[in-house]
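See below for the structure under consideration.
The values are calculated or read from the model by the stated rules, or taken from the named source; none is laboratory data. This one's a predicted model, so the numbers in the text were calculated from it and none came from an experiment. Virtual Cβ from ideal backbone geometry, glycine too; neighbours counted across all protein chains shown.
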Amino acid sequence: MTTEATGTRRLNTAKATVEAIAREMERDENVFVMGEDVGPYGGIFSSTTGLLERFGPERIIDTPISETGFIGAAIGAATEGMRPIVELMFVDFFGVCMDQIYNHMAKIHYESGGNVKVPLVLTTAVGGGYSDGAQHSQCLWGTFAHLPGMKVVVPSNPADAAGLMTAAIRDDNPVVFMYHKGIQGLAWMKKNRRSIGPVPEGDHVVEIGKAAVPRSGKDVTIVTLSLSVHHALDVAEELAGEGVDVEVIDLRSIVPMDTQAIIDSVTKTGHLVIVDEDYQSFGLSGEIAARIAEHDPTILKTPVGRVANPDLPIPYARTLEYTVLPTPERIKEAVLKQVGR
Amino acid sequence: MTTEATGTRRLNTAKATVEAIAREMERDENVFVMGEDVGPYGGIFSSTTGLLERFGPERIIDTPISETGFIGAAIGAATEGMRPIVELMFVDFFGVCMDQIYNHMAKIHYESGGNVKVPLVLTTAVGGGYSDGAQHSQCLWGTFAHLPGMKVVVPSNPADAAGLMTAAIRDDNPVVFMYHKGIQGLAWMKKNRRSIGPVPEGDHVVEIGKAAVPRSGKDVTIVTLSLSVHHALDVAEELAGEGVDVEVIDLRSIVPMDTQAIIDSVTKTGHLVIVDEDYQSFGLSGEIAARIAEHDPTILKTPVGRVANPDLPIPYARTLEYTVLPTPERIKEAVLKQVGR
Amino acid sequence: MDSNTQRELYQQMVTIRTYEETILREYHADKKPVFDIGAGLIPGEMHLAAGQEPVAAGVCAHAIDGDSVTATHRPHHFALAHGVEINAMTAEIFGRVDGLGRGRGGHMHLFDPKAKFSCSGIIGEGLPVAVGQALAMKRRGTNNVAIAVAGEGAANQGAFHESLNLAALWKLPVIFVVEDNDWGISVPRSQSTSVPSNAVRAAAYGIPGVRVEDNAVESVYEEAGKAFERARNGGGPSLLEVSTLRLWGHFEGDAQGYRSDLEGVPGRDPIPTYEQTLRDAGVIDDSFVEQTRSEAVKRVEAAVEFAKSSPEPDPSTAGDYVFA
Amino acid sequence: MDSNTQRELYQQMVTIRTYEETILREYHADKKPVFDIGAGLIPGEMHLAAGQEPVAAGVCAHAIDGDSVTATHRPHHFALAHGVEINAMTAEIFGRVDGLGRGRGGHMHLFDPKAKFSCSGIIGEGLPVAVGQALAMKRRGTNNVAIAVAGEGAANQGAFHESLNLAALWKLPVIFVVEDNDWGISVPRSQSTSVPSNAVRAAAYGIPGVRVEDNAVESVYEEAGKAFERARNGGGPSLLEVSTLRLWGHFEGDAQGYRSDLEGVPGRDPIPTYEQTLRDAGVIDDSFVEQTRSEAVKRVEAAVEFAKSSPEPDPSTAGDYVFA
Ligand SMILES: Cc1ncc(C[n+]2csc(CCOP(=O)(O)OP(=O)(O)O)c2C)c(N)n1
Ligand SMILES: Cc1ncc(C[n+]2csc(CCOP(=O)(O)OP(=O)(O)O)c2C)c(N)n1
Ligand SMILES: [Mg+2]
Ligand SMILES: [Mg+2]
């Protein structure tokens, strides 16, 4: 369940996440952090800033560039009762260590008939928009969600990041925590204005598997997640002035996915646009459309709109990258198409 | 284009594929084969039987168990103008070498602005049904299809296997060739009766990206691929006797996917059942449903039916495994549901 | 070496061999006249460890409560030597509800948290997990040791390199055991490995590396003993390669047509050799041998009985245990 | 060493340094006053190789037509030393249509098939590709060599192990060059690598391994020369580690707060040292130095001009070149 503490402060997503990690590390000495540059550097995307100073090198462990080795080590430690948080610096690097992730982390519990638990949080940075090229800009949540046995959470704002991180650490299952670089609130990267936001004080948990509806509307449903939530909200605000009332669903978690929230919204609006920074085909946008088609295709008054990466490697040049990204312009166009404009 | 040579013989899928490889090796000395146990053993699933004897160890190369190393080496050789066929013994092992596959093999052409070609065939065995457990029974074509830059072909019978292999070798792009163990026609595994079939003599090419319609029907469309094609055909035959006329689409290739063939069929029948031995969510079955929902959801007279692995690791025990596999029983039930029975 | 230990090593090896012979029988029992890998009471791939008993027996004889073993696709010998509950293990191999994994795992996926045993069907990928177990052991201030097993083929996987470097860097109590049976399925060591001994690879991590050449349980026991002592005393990891023997095929059904050394194989069986040595030394006699064998048979047949009488999993439970 | 070669090595290093300084200037030019990684004429991550010139210059001086280089995320020095077309390379870094990859690749993805140069942003994963290139070279009976570059951090990736084993096993003409600049981003070598020298890791593959300790271009040249000779004559791969210097941050924008050795860094710059050596030996003088520098500046500025005047790619072409 989602608990809402009373007081709030304004933090950026990185700080909110680090605070949640620190609180859990205080509560439970089995929690520790492992990854590349998580120590003195504090995480390339500030995902661990200050933790070394507070918890020391025994619990904040810088690793060699050996993702199979140290993610596998986190799995082994988890089966021994530790609760590791292990970082894969960019999700784009999953290919050097995916066997540990999907054949071990995700399957040991099942293969053991429930006798072995793997309580582990795999954190990883996703997303593009700053010309980091085809090997450093991907989202790939569809790839992780396709493979059973791991939960996959994808926060879009500081409060959810903190609440989902807390839930992930306390979960007895492996949880993949994917944070978009563009919402961390980094000083050196273009920031979405909502990358700083109110974060509840104290114990704050966001239930894994529950979508949020940051904006209600009656005309068109946008289902999205991560940075694209903010583009969707921006478009929704703009279109409100043009007489189109957009509802925005922030999935927050894609395994499990809150299918009911999607169906409820589309049943109301009759129009669905899916916005997904991952590759379009064989991924999240397809799955969402399928769940509607499986439930009742007649709730769709018009064909589903998809705004996603059009199945090509992410190009370096800005002009090209912003063609494949799900920009507000592309989202707006897709929404307007739903209402026949 | 699909060329159909005149004479045919009956071969099993493994032999038909090997014959195609051998023919291309005769034609082009740049073609060679590399992988684990492809030499004297002839491939664990008979994918290279007899090639060593014919072409010698310079062109049929047994490798160490170093998938990143030798698949990467195949990529390097391909960029030098060779045309390697490289085998990943089970698709389940992709996690130890996926970086080479999706960050290199699939992206080099794009990153180089078209200046470097990677003409390579990555062959791999897929599928379960013989109690090989969670790490040796997967299909995972959805995972490969999600990542842009590689073609993905999945034959269901000897003639298509030969024709698609020939097309794959001649293609200037990386092509992933996924063969189901259950259609190879192995002496030591339960065989589908159609794993032996007519194969055209001589030069036989099946165009990558064209679906086949092995059975036409007017009531319900089944879209499927690989071993499940045969289950679908069996069910269709059975239901023909019960007055339900089923059309079966064999995708053969999922990147590119013949979306038009699917739309045409569903437009005719109004009912769609997708049968997919891969995990259900965030994969092929979702994508197919989405392409309909994107095109025109009103062509669906009833909600889409999906018969796939219900998002769990593949269990070992036969009773459990046959619960998650897309068995004829499950397919039949899904088709009958479409027509209200 | 004291004769009690010798007898125990012998008993362990006989138990393992009896187990493998029995699984062999049960595996093939209902796959006749035509071998069908998916048929019968034990379906699926079957990798048996006959000939490799000295490695498991010699290494695990040093293990104490809390030590872990991470084994491979060929796991039975290490499972038995490490004290995995034989009934539940056998039930798992038969795919039954009383199995270690309630029938979900199978022969390549045996998990016994009580004995701290696990294995994996992916070559080399068990090693990092062992490194993590050792990390937890060290963090908690125990003197426990993680035993990580790999074949000689696995020593060419990237995971091998990363695991040894991590364990050495962090001075973790891991013993890396390489079972060199000369073959990775059909590929001989000479076609997979650029050096004749993996022991030399220890130098790449600044840790001790030893190769036992004779597949003799006492040599293994002795070298393993040094590695355990080092690990328990904070000396960090060791690499121990044993030149051993794959007495049968890679998996059942493997005709081994590729195998040049096949003729000499039976003569290299390590158990008769050791039995003779102990007889010659007066450590065991006919009656001890007889008793050892009959006890092993009794125990193994009881386990098979247990397995066969355990129900098959209810199909409606297939979705259980995906998440905790 | 003959003085012509010395002068060429010096010129090569000056060209590289000039290039890196110019990219540095252009990269930061429009990221002021607030640094924004995605802004400006050159957006994205930028890994510059200042301080590591001796490695590229010393190694590539031996390359002949048809030899290949597979470099890393820090590729400019090797690209220039290996003869990559400087205008197209620079245009690619600026993301323009006349770039090596028509703007699709960027600074970590430079492909010049004519010079046989490629690189990759994934640590260690360029090495297998080089092995395959060498396989093709050998198969075709050329005497060409594949040069595979990695950082000392990369030497702990599984791909490193697999690549060296394969190249050794198949006796391929590969030279594995490890640039040890002491750091993998913020992680010092001592916290990532269990041995003080990667040269010892050559023993794990039965190949020669050498470590050059002084970041001196002539030492690199000399040791690389032996490796080339071996490779061209069928002697198989070699491993060459060079202790070098990361003169600047890991990437631009890196404040290097973690770096304990920062104060001593400027004094370790290899170019002034080499310049002085050559001056002392009478191989070069003021006018040569002046001319070298001004020629380098001219060439590099012309490349920047070329890049800036090349159009940005047309958005409607984003989907081109996914498939051939
Ligand atoms: C990553 C990976 N690649 C390939 C395989 C297929 N495979 C299973 S066992 C085996 C041979 C293993 O050889 P070795 O490590 O020497 O162990 P042995 O079978 O001899 O005990 C291979 C290649 C696998 N399971 N995992
Ligand atoms: C597989 C992988 N892991 C992590 C990274 C992130 N990363 C980029 S550069 C780098 C450090 C590399 O260190 P080293 O190999 O020594 O090269 P250097 O940067 O010092 O030249 C890291 C960790 C990556 N690109 N790929
Ligand atoms: Mg072996
Ligand atoms: Mg470095």
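Summary of computed values
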| item | result |
| --- | --- |
| Residues of segment D:165-189 satisfying the condition of being more than 8 Å from every other protein chain (Cβ to nearest Cβ) and either away from ligand 2 (no atom under 13 Å from the Cβ) or surrounded by 24 or more Cβ atoms within 10 Å (Cβ to Cβ) (or both) | D:Ala167, D:Trp170, D:Lys171, D:Leu172, D:Pro173, D:Val174, D:Ile175, D:Phe176, D:Val177, D:Val178, D:Glu179, D:Asp180 |
| Filter pass, C:Ala136 being surrounded by 24 or more Cβ atoms within 10 Å (Cβ to Cβ), without any contact (Cβ under 8 Å) to a residue 24 or more places away in the chain and at the interface with another protein chain (Cβ under 7 Å from one of its Cβ atoms) | yes |
| Qualifying positions in segment B:278-310 - more than 8 Å from chain A (Cβ to nearest Cβ), farther than 23 Å from B:Leu140 by Cα and not β-branched (Val, Ile, Thr) | B:Lys301 |
| Residue that is closer than 30 Å to A:Lys301 by Cβ and in the same structural domain as B:Gly241 (by TED's automatic domain parsing), where the choices are B:Val304, B:Val324 | B:Val304 |
| Subset of segment A:138-175 (residues that are of a type in the set (A, V, I, L, M) and assigned to a helix (DSSP H, G or I)) | A:Ala145, A:Ala159, A:Ala161, A:Ala162, A:Leu164, A:Met165, A:Ala167, A:Ala168, A:Ile169 |
| Neighbours by Cβ (under 7 Å, 6+ apart or cross-chain): first from segment B:68-83, farther than 20 Å from D:Ile123 by Cβ and touching a residue at least 12 places away in the same chain (Cβ under 8 Å); second among the acidic types (Asp, Glu) and surrounded by fewer than 24 Cβ atoms within 10 Å (Cβ to Cβ) | B:Arg83/B:Asp28 |
| Sole residue being surrounded by fewer than 24 Cβ atoms within 10 Å (Cβ to Cβ), in contact with a Lys or Arg (Cβ under 7 Å, 6 or more places away or on another chain), assigned to a loop (DSSP other than H, G, I, E, B) and at positive phi, chosen from D:Gly40, D:Gly83 | D:Gly40 |
| Among residues of segment D:170-193, those that are on the phi < 0 side of the Ramachandran plot and away from ligand 4 (no atom under 16 Å from the Cβ), counted | 5 |
| Condition check for D:Pro196: away from chain C (no Cβ under 14 Å), surrounded by fewer than 17 Cβ atoms within 10 Å (Cβ to Cβ) and away from ligand 3 (no atom under 16 Å from the Cβ) | no |
| Selection status of C:Asn144, at the interface with chain A (Cβ under 10 Å from one of its Cβ atoms) and either of a type in the set (S, T, N, Q) or in contact with a strand residue (DSSP E or B) (Cβ under 8 Å, 6 or more places away or on another chain) (or both) | yes |
| Checking A:Met178 against (1) part of a strand (DSSP E or B); (2) over 30 Å from A:Ala106 (Cα atoms), the condition it does not meet | (2) |
| Flag for D:Leu100 being under 14 Å from the mean Cα position of the chain (by Cα) and crowded, with 24+ Cβ neighbours inside 10 Å | no |
| Pick from segment A:13-45, criterion surrounded by 22 or more Cβ atoms within 10 Å (Cβ to Cβ) and of a type in the set (S, T, N, Q), ranking: nearest to A:Val121 (Cα to Cα) | A:Thr17 |
| Unique match (being over 27 Å from D:Asp254 (Cα atoms) and crowded, with 19+ Cβ neighbours inside 10 Å) among A:Gly72, A:Gly81 | A:Gly72 |
| Scope segment D:297-321; condition buried (at least 20 other Cβ atoms within 10 Å of the Cβ) and within 13 Å of chain B (Cβ to nearest Cβ); matching residues | D:Ser310, D:Pro313, D:Ala318, D:Tyr321 |
| Breaking point among (1) over 23 Å from B:Met150 (Cβ atoms); (2) in a helix (DSSP H, G or I); (3) more than 7 Å from every other protein chain (Cβ to nearest Cβ), for B:Ile314 | (2) |
| Pairs with Cβ under 9 Å, 6+ apart, first in segment C:11-36 and under 19 Å from C:Ala255 (Cβ atoms), second among the charged types (D, E, K, R) and at pLDDT below 95 | C:Asp36/B:Lys190 |
| Identity of the residue in segment D:139-149, buried (at least 24 other Cβ atoms within 10 Å of the Cβ) and more than 14 Å from B:Thr68 (Cβ to Cβ), that ends up farthest from ligand 2 (Cβ to nearest atom) | D:Val145 |
| Helices (runs of 4 or more DSSP H) fully within segment C:207-319 counting 3 or more residues that are among the acidic types (Asp, Glu) | C:217-232, C:286-309 |
| Identity of the residue in segment B:255-293, part of a helix (DSSP H, G or I) and acidic (Asp, Glu), that ends up surrounded by the fewest Cβ atoms within 10 Å (Cβ to Cβ) | B:Asp264 |
| Top-ranked residue of segment C:216-246 - restricted to ones that are within 13 Å of ligand 1 (Cβ to nearest atom) and within 14 Å of C:Met13 (Cα to Cα), ranked as nearest to the other protein chains (Cβ to nearest Cβ) | C:Thr244 |
| 2 or more residues over 19 Å from A:Pro155 (Cα atoms): qualifying strands (runs of 3 or more DSSP E) within segment A:17-133 | A:31-35, A:60-62, A:83-90 |
| Some residue of segment B:234-254 being out of contact with any strand residue (DSSP E or B) (no Cβ under 6 Å at 6 or more places or on another chain), surrounded by fewer than 24 Cβ atoms within 10 Å (Cβ to Cβ) and under 30 Å from B:Glu26 (Cα atoms) | no |
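Residue by residue, here is whether (1) of a type in the set (Lys, Arg); (2) within 13 Å of chain C (Cβ to nearest Cβ); (3) at positive phi holds:
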position: A:Pro84; (1), (2), (3): no, yes, no
position: A:Met89; (1), (2), (3): no, no, no
position: A:Phe94; (1), (2), (3): no, no, no
position: A:Ser112; (1), (2), (3): no, yes, no
position: A:Lys117; (1), (2), (3): yes, yes, no
position: A:Gly149; (1), (2), (3): no, yes, yes
position: A:Val152; (1), (2), (3): no, yes, no
position: A:Ala159; (1), (2), (3): no, no, no
